[in-house]
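Data first, discussion second: the structure below is written as structure tokens.
The values are calculated or read from the model by the stated rules, or taken from the named source; none is laboratory data. What you are looking at is a predicted structure, and each value in this text was computed from that prediction instead of being measured. Neighbour counts run over all protein chains shown; Cβ positions are idealised from the backbone, glycine included.
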Amino acid sequence: MQTCIVHLARHPLNFCVWNDRKEVAADLRRICRALTADQAGLELDAFEEKWAGKYASIAPAWRRAWQEVIPFFAFDPAIRKIIYSTYAIESLNRAIRKSIKTRGPFPPEDSATKLIYLAIRNFEKGGRNIRKWFAAGNHLAIMFEDRFNACLYLKPAWAKPDTQSS
């Protein structure tokens, strides 16, 4: 289960007066953009001091989710841009579900795998967030050299060669 920082930051804005929304959002952005978890904690304390009187429920909501938030600060900002939101994951899952939903049973075992592969390939061809993923992939390869497998980007043996790329 991944915590969506975007939802954690946007949801409290629903309870803010319209005139305060930009300022509250800017203060929440300081928490999200902190370089370390300690710095983010200090920003959260500053946010709480500033807004506790007017919007008492925002900082406690962040504190309740704090154990799920602090692992994000271990990553480089390029990686955080990709993983701080669940939108990309939800979008890919929706594309896979859409391709599988209309099909009946999958008699050969590989047919479901092929269909999922093609759904992911079509999703990637849409060009959504590809540039951000390349930057994040480079940082992940450096951080997790022993666990990051470049073969993940290779096509399966049964996939046809891509004639468009050369």
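A few remarks follow.
- Scanning region 1-46 for residues that are part of a helix (DSSP H, G or I) and among the small types (Gly, Ala, Ser) gives Ala9, Ala25, Ala26, Ala37, Ala40, Gly41, Ala46.
- Test result for Ile100, closer than 30 Å to Lys125 by Cα, in the same structural domain as His139 (by TED's automatic domain parsing), β-branched (Val, Ile, Thr) and modelled with pLDDT of 85 or more: no
- Comparison of Ala95, Ala78, Ala37, Ala112 shows that the only residue that is over 22 Å from the mean Cα position of the chain (by Cα), among the small types (Gly, Ala, Ser) and surrounded by 13 or more Cβ atoms within 10 Å (Cβ to Cβ) is Ala112.
- Subset of region 17-34 [over 30 Å from Leu140 (Cα atoms) and surrounded by 13 or more Cβ atoms within 10 Å (Cβ to Cβ)]: Asp20, Arg21, Val24
- Per-region count, region 47-62, residues loosely packed, with under 14 Cβ neighbours inside 10 Å and either part of a loop (DSSP other than H, G, I, E, B) or charged (D, E, K, R) (or both): 6
- Hey, Arg121 modelled with pLDDT of 75 or more and not in a loop (DSSP other than H, G, I, E, B) or not: yes
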